[in-house]
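Notes to accompany the following structure.
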Amino acid sequence: MPNKIIVKEKICNFYKKISIPGDKSISIRLILISSLASGTSKVKNLLMSEDVYASIQAIKKLGVKVLVKKNICKIHGVGMQGFKYRKNLLINAQNSGTLGRLISGILVDFPFPIKIVGDKSLSKRDFKRIAVPLRKFGASFSLKNNCNLPLIINGSKKLKSIKFFENKGSAQCKSSVIFAGLKADGKTIIKAKKSRDHTELLLKYLKLPIKVKKNKNFDLIEIHKVNKIKPINYNVPSDISSGAFFIALTVLTKKSKLIIKNVNINPTRTGIINILKRMGVKILFIKKKNYKGEVIADILVKSPKNLRSINCPSKLNSGAIDEFLVIFLIAAKAKGVSIFRNLDELNKKESPRLKWGSKILKMMGVKVISTKNSIKIFGNPHLEIKKKIVIQKYLKDHRVFMASVIAALSFGGEWHIHDKDAIKTSFPSFLKIIDTFKNE
């Protein structure tokens, strides 16, 4: 069976209610935190994707027993010092930057060498950003070209606390340092540019010694050493990053309405909502509630009669960093010129996404002016595609694949989109849910 799909029919208007899988960021964090707990944690609605399975395999290699049945996962934590050593231990993070970076923080006190590897895409990404602060705790790190995987960690049993300024807005880097801080003597202090805060919220819920003071542009985080973590029972809410593709499909399809049920609307993740509201899209949160520190709601979206262009404030970037490919598609249909700046982090994802966003729009016939960290999109409310477009050789970035599917369904044309297995990393059921819209 060919590992590509062909899409050549636009979607019709729809009114749907859907459920989407569990949040990937939270799923991976729960697996890692539960491995350090003293006792058995139970996680429901765990995202069943390759990135999450890689996380399960990683803690199994460290001696943690894990049982998965359907979408319920039981993790028998071994405590803060309970990881087991095996000679020549190798952890394969596959495509997951979250796993590769966060587990590095957890292993800073492991007194034997551990090698972390990844797939072709992950091996191109920057791991120096976590090695630099983690070395300050007292652990030793070696990297390929002093930047990339494979990475070898030689931990230290005498970790000292550090002060660290995280200025990139990387939640993975921040969380890696937080995990290391849980194992270091004294008080670790992090001044962190705004980014998703699932790690902090989970640790607060578990009543661990973490303090967060929120300022306008930065958070000040204090962490103290922990001797014991209690097990956790957790029902993972749906992933807004996965929901973003269906939000975009609704916005781009006339006379359509969508409800996505039980979605995590953590304020650090709702950048796309804030951006689309500024562009004239009606989006409501209904049945809003607090769940173990996170905010959950159903999301109601209605397609607008007209889309406005946007001069996007950079302060919204971190909260929408995984959604910009579909935001660019929406800007392509807006009236006027949309401008997005300070997006260098977008090119440090699974693929250089800013470059790919620009490339896809140009293939669609959209006028684009881009630099290494910005993009200007000249929107066309009447845009229709009537040609063949081929998407391939994009480092199997799941978001490039899914954004291409949304573009095909929204604008027409004949799209040949290769490497459909890319969605297995984060959203294996994506195409099945898409099919329900075609059958509406």
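The residues of segment 1-40 that are under 23 Å from the mean Cα position of the chain (by Cα), crowded, with 16+ Cβ neighbours inside 10 Å and among the small types (G, A, S), listed by number, are G22, S25, S27, S34, S35. If you check I260, I273, I286 for being more than 17 Å from S25 (Cα to Cα), more than 19 Å from the chain's Cα centre (by Cα) and of a type outside the set (D, E, K, R), only one passes: I286. Suppose we filter segment 137-155 for residues that are under 14 Å from K115 (Cβ atoms) and either part of a strand (DSSP E or B) or aromatic (F, W, Y) (or both); how many remain? Final tally of qualifying residues: 12.
Contact annotation: residue pairs with Cβ atoms under 9 Å, 6 or more positions apart or on different chains, pairing a residue in segment 256-268 that is closer than 19 Å to L409 by Cβ with a partner that is among the aromatic types (F, W, Y) and in a helix (DSSP H, G or I), are L258/F246; I260/F246.
Picking from residues in segment 138-171 that are open to solvent by less than 30 Å² (accessible area, probe 1.4 Å) and not hydrophobic (A, V, I, L, M, F, W, C), the one that is nearest to R125 (Cα to Cα) is N148.
One residue is enough: does segment 72-90 have a residue meeting the conditions in contact with a Phe, Trp or Tyr (Cβ under 9 Å, 6 or more places away or on another chain), at pLDDT 95 or above and open to solvent by 50 Å² or more (accessible area, probe 1.4 Å)? No, there is no match, as no residue in segment 72-90 is in contact with a Phe, Trp or Tyr (Cβ under 9 Å, 6 or more places away or on another chain), at pLDDT 95 or above and open to solvent by 50 Å² or more (accessible area, probe 1.4 Å).
Here is a yes/no grid of residues against (1) under 30 Å from L46 (Cβ atoms); (2) modelled with pLDDT under 95:
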{"site": "I272", "(1), (2)": "yes, no"}
{"site": "I275", "(1), (2)": "yes, no"}
{"site": "I283", "(1), (2)": "yes, no"}
{"site": "G293", "(1), (2)": "yes, no"}
{"site": "K315", "(1), (2)": "no, yes"}
{"site": "I327", "(1), (2)": "yes, no"}
{"site": "A334", "(1), (2)": "no, no"}
{"site": "I339", "(1), (2)": "no, no"}
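Please enumerate the residues belonging to segment 315-345 that are open to solvent by less than 10 Å² (accessible area, probe 1.4 Å), more than 14 Å from R269 (Cβ to Cβ), in contact with a helix residue (DSSP H, G or I) (Cβ under 6 Å, 6 or more places away or on another chain) and not in a helix (DSSP H, G or I). If the condition is that a residue be open to solvent by less than 10 Å² (accessible area, probe 1.4 Å), more than 14 Å from R269 (Cβ to Cβ), in contact with a helix residue (DSSP H, G or I) (Cβ under 6 Å, 6 or more places away or on another chain) and not in a helix (DSSP H, G or I), then S338, L343 are the ones that fit. Determine whether segment 93-113 contains at least one residue that is within 27 Å of the chain's Cα centre (by Cα) and surrounded by fewer than 19 Cβ atoms within 10 Å (Cβ to Cβ). Checking segment 93-113: not a single residue is within 27 Å of the chain's Cα centre (by Cα) and surrounded by fewer than 19 Cβ atoms within 10 Å (Cβ to Cβ).
Consider segment 102-158 and keep the residues that are small (G, A, S) and touching a strand residue (DSSP E or B) at 6+ places or on another chain (Cβ under 7 Å). The one that is nearest to S27 (Cα to Cα) is S104.
The values are calculated or read from the model by the stated rules, or taken from the named source; none is laboratory data. Because the structure is a prediction, the values reported are computed rather than measured. Here Cβ is always computed from backbone atoms with ideal geometry, including for glycine, and neighbour counts include all displayed protein chains. Heads up: the accessible areas ignore ligands, DNA and RNA and are worked out on the full protein's heavy atoms, side chains in. Shrake-Rupley method; radii C 1.70, N 1.55, O 1.52, S 1.80 Å.
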